[in-house]
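Working notes, structure below.
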Amino acid sequence: MEKRISCRGIIFIDNNLAVMHRVKKDRDYYVFPGGGVENEDINKEEAVKREIKEEFGIEVNPKKLVYVYENTNTIQYYYLCDMTG
């Protein structure tokens with residue numbers, strides 16, 4: 001089974017951490033904004049920019065890859081981002 005790949009942004013806006021609230025299957029939780037990418041070869045920085053623009057309507061500049069989380073089903077790349085617009 002191929003692992004799901006996602007790219008997420010860690011963004012501070014006015015000294016507050018930007019997160020998304022989700023409710024799925026009776027679960028209520030928060031996640032960093034971002035989303036899935038089609039394959040491992042895609043430019044992950046561009047994917048983070050695109051997903052955050054879609055979800056939050058803001059433009060960001062990924063500054064640094066700070067964490068990679070992997071389990072049996074997913075690989076998640078976390079980037080520290082600056083808001084640019």
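Within the stretch 60-82, not a single residue is surrounded by fewer than 16 Cβ atoms within 10 Å (Cβ to Cβ), at pLDDT below 95 and on the phi > 0 side of the Ramachandran plot. Scanning the stretch 40-54 for residues that are open to solvent by 70 Å² or more (accessible area, probe 1.4 Å) and either more than 13 Å from Ile10 (Cα to Cα) or of a type in the set (A, V, I, L, M, F, W, C) (or both) yields a count of 7. Test Asp28 against the stated conditions and say whether it is assigned to a loop (DSSP other than H, G, I, E, B), farther than 16 Å from Thr84 by Cα, open to solvent by 60 Å² or more (accessible area, probe 1.4 Å) and not aromatic (Phe, Trp, Tyr). The answer is no for Asp28. Residues in the stretch 53-61: is at least one out of contact with any Cys (no Cβ under 9 Å at 6 or more places or on another chain), assigned to a strand (DSSP E or B) and among the hydrophobic types (A, V, I, L, M, F, W, C)? Looking through the stretch 53-61, none of the residues is out of contact with any Cys (no Cβ under 9 Å at 6 or more places or on another chain), assigned to a strand (DSSP E or B) and among the hydrophobic types (A, V, I, L, M, F, W, C).
Taking the stated definitions as given, is Ile5 open to solvent by less than 70 Å² (accessible area, probe 1.4 Å) and part of a loop (DSSP other than H, G, I, E, B)? Judged against the criteria, Ile5 is not a match.
The values are calculated or read from the model by the stated rules, or taken from the named source; none is laboratory data. Quick caveat: nothing in here was measured; it's all calculated off a predicted structure. Virtual Cβ from ideal backbone geometry, glycine too; neighbours counted across all protein chains shown. Accessible surface areas use protein heavy atoms only, side chains included; no ligands, DNA or RNA. Shrake-Rupley method; radii C 1.70, N 1.55, O 1.52, S 1.80 Å.
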